[in-house]
Structure formats: C-alpha cells, structure tokens
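Working notes, beginning with the structure itself.
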Amino acid sequence: MSTLRSISERTGLAVTTVSEILRGKPGYHEDTCKRVQDAARRLSYRPSVAARQLRGGRSGLLGVLIGMDNPQVNFDRLACLERAAFGLGFRLVVGQIHEGDAKVAHYVEDFVSRGMDGILWLHQPFAKKMTIPPGLLKQVDTLVSLDKPLAPGAGCVKVDYAAGVGEAVRYLQSKGRRRIALALAGKGQPGDPMRARLAGFQEAAGAESKELVWLGEMEEFPRPERIKAAIRQLVKQGCADALIASNDLWATAFLKGLKA
C-alpha cells in the first residue's frame, strides 16, 4: 500500500509538501503539483481516512438508521440517499433497527464513536415511537430525520402528504373518475401523515367526498374483515369508482378484497 512517504521518495519532495499538494493547498508551482499527482497516480495512492480523522478532518461517513418493519418506500429512499452520498464523496453505514430502543441507542453511540459526519434517521416505527436519551443526541453534530425532528434544532425533511393525495385525486379525475374514495388506517394525531392525507383529499375532492371516506384502525397489515367493511361502505354502498389507500400494503389488501 502506497503512502505519502512513498510519493515523497519517488518525487524527492518532503512528506509535508506532498500532503499539502494532494490536499489542494495553493502556493505550489504547477509543475511541482503535476509531479506529485502523477506519482500518486502511478503508485495508486489512496488517502487514509483514519489518518485524516486524526488530523481533525471529516470521516466521509454518514450513519443511517432504518427499521426492518419500515415501508418499502423508505428502502427506496435509502437507495437514493446512497447514490447522492456517493456523488458527494460520502459513504453510508446502515443500522437496521428491530430490537427496540436499546438497539437504537447502541447504534447512535457507535456512530458517534466512529466520528461520523452525520446521522440520517429514516426509521418510521408503525406501532410505537422510539426514544433516544437526549444527552446522546446532543453528541451528534448533524442529525437529519424524516417527518419529525428528533431533537431541538435538529434537521428534518418533511413529506407533503396532503399535496401527494391531492395529486392522486386530480390524476384520477383526469381519467374520468368522479366518485373517488379514500381508505385510511386511522386519521392520526395533528402532524400525522394519515391526518395530512385526509386533509389533502377533502380539499381536492370537495365537500361531497365526506361520504367516501373510511377510517380504519391503525395497523400495519389490515385484517380481512376491515377490508371487507371498507369495501362495503365505499364501493357497494358508496358506488366509488376509484380508491386511494394509506400505503402499498393496504392497496394490495384492497386489490385482493375487491377481486374476491
């Protein structure tokens, strides 16, 4: 494995000079810079991340927390994050959560100890909220979560669920559908995605849409009797000609129920 010293010996320059040139420090003659860069390329030199961290540099690593029970869309987001991070010179280290709060805290501690440049929180637990000791979160310099901030002042990326359902309604209307129904796994608390979806639907579909809304229980995998109840209310009695569901799992359950 080639090192800065290897390049120094090849070029006859001091190790400090080689290091500064490879880090892009200005002030060196163009020919000297080219000599160092050519030597680094011939020797297949790769900078040491560990050494860079010891000098107080960035690790180039981002920790990601995602739950095994999360919806497929979060894993699609993870793939997009990896591509974006790679393009910016970062690498992702993924922690899969499936054992409760203790596992989450362990991952956060591990990420902090490794000097990661930030933590991305993709986890959206369906049944309960995860909690992390506030003191632990304070050790994280950059923390970005999905939907809700995890700590005061922490970054957060929100999805406009209301606008998304509104687009779905307008799309169905453009296809000639006039009795569009909405089936949700509960309406949630203020700020909850389900409540936002309900508001977006009512705004886009109009006042007459109230009779075409069904609110079930908050459960990840809907039971057949709930699907049957929704179909009875929305399709058999309400004569709906289109149906918007909470997510892919519920949509699949409705397709099976309607086919039956």
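The values are calculated or read from the model by the stated rules, or taken from the named source; none is laboratory data. The structure displayed is predicted, hence computed values, not measured ones. As a convention, Cβ positions derive from the backbone with ideal geometry for all residues, glycine included, and neighbour counts pool all protein chains shown. Calculation scope for accessible area: heavy atoms of the full protein, side chains included, ligands and nucleic acids excluded. Shrake-Rupley method; radii C 1.70, N 1.55, O 1.52, S 1.80 Å.
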Practice task
Inspect all residues belonging to the range 151-163 and state whether any of them is in contact with a Cys (Cβ under 6 Å, 6 or more places away or on another chain), modelled with pLDDT of 80 or more and more than 23 Å from Lys259 (Cβ to Cβ).
Solution key: no
Exercise for the section: Might you check whether a residue that is part of a loop (DSSP other than H, G, I, E, B), basic (Lys, Arg), under 26 Å from Val144 (Cβ atoms) and modelled with pLDDT under 90 occurs anywhere in the range 31-53? Expected result: no
Problem - Residue pairs meeting the criteria (Cβ under 8 Å; at least 6 apart or on separate chains; first more than 14 Å from Leu61 (Cβ to Cβ), in the range 135-146; second aliphatic (A, V, I, L, M) and in a strand (DSSP E or B)) - result: Leu137/Leu143; Leu143/Ile119; Val144/Ile119; Val144/Leu120; Val144/Val157; Ser145/Leu120; Ser145/Val157; Leu146/Val157
Practice task
Scan the range 164-189 residue by residue and report those that are without any contact (Cβ under 8 Å) to a residue 40 or more places away in the chain and touching a Gly at 6+ places or on another chain (Cβ under 6 Å).
Solution key: Gly166
Practice task
Among residues belonging to the range 218-260 that are touching a residue at least 24 places away in the same chain (Cβ under 8 Å), outside any helix (DSSP H, G or I) and farther than 22 Å from Arg177 by Cα, point out the one that is most open to solvent (accessible area, probe 1.4 Å).
Solution key: Phe221
Fill in the blank from the handout: Here the residues within the range 147-163 that are of a type in the set (Val, Ile, Thr) and either within 16 Å of Asp192 (Cβ to Cβ) or touching a residue at least 60 places away in the same chain (Cβ under 8 Å) (or both) are Val159
Completion exercise
Here the residues within the range 94-115 that are surrounded by fewer than 16 Cβ atoms within 10 Å (Cβ to Cβ) and in a strand (DSSP E or B) are Val94, Gln96
Problem - Criterion violated by Arg195 - all others in (1) surrounded by 15 or more Cβ atoms within 10 Å (Cβ to Cβ); (2) of a type in the set (D, E, K, R); (3) closer than 16 Å to Arg177 by Cα satisfied - result: (3)
Problem - Unique match (being farther than 30 Å from Leu22 by Cβ, modelled with pLDDT of 75 or more, under 12 Å from the mean Cα position of the chain (by Cα) and open to solvent by less than 80 Å² (accessible area, probe 1.4 Å)) among Leu81, Leu122 - result: Leu122
Practice task
Please verify whether the range 161-173 includes one or more residues that are over 20 Å from Ala251 (Cβ atoms) and open to solvent by 50 Å² or more (accessible area, probe 1.4 Å).
Solution key: no
Problem - Identity of the residue in the range 194-217, assigned to a helix (DSSP H, G or I) and within 15 Å of Trp250 (Cα to Cα), that ends up modelled with the lowest pLDDT - result: Met194
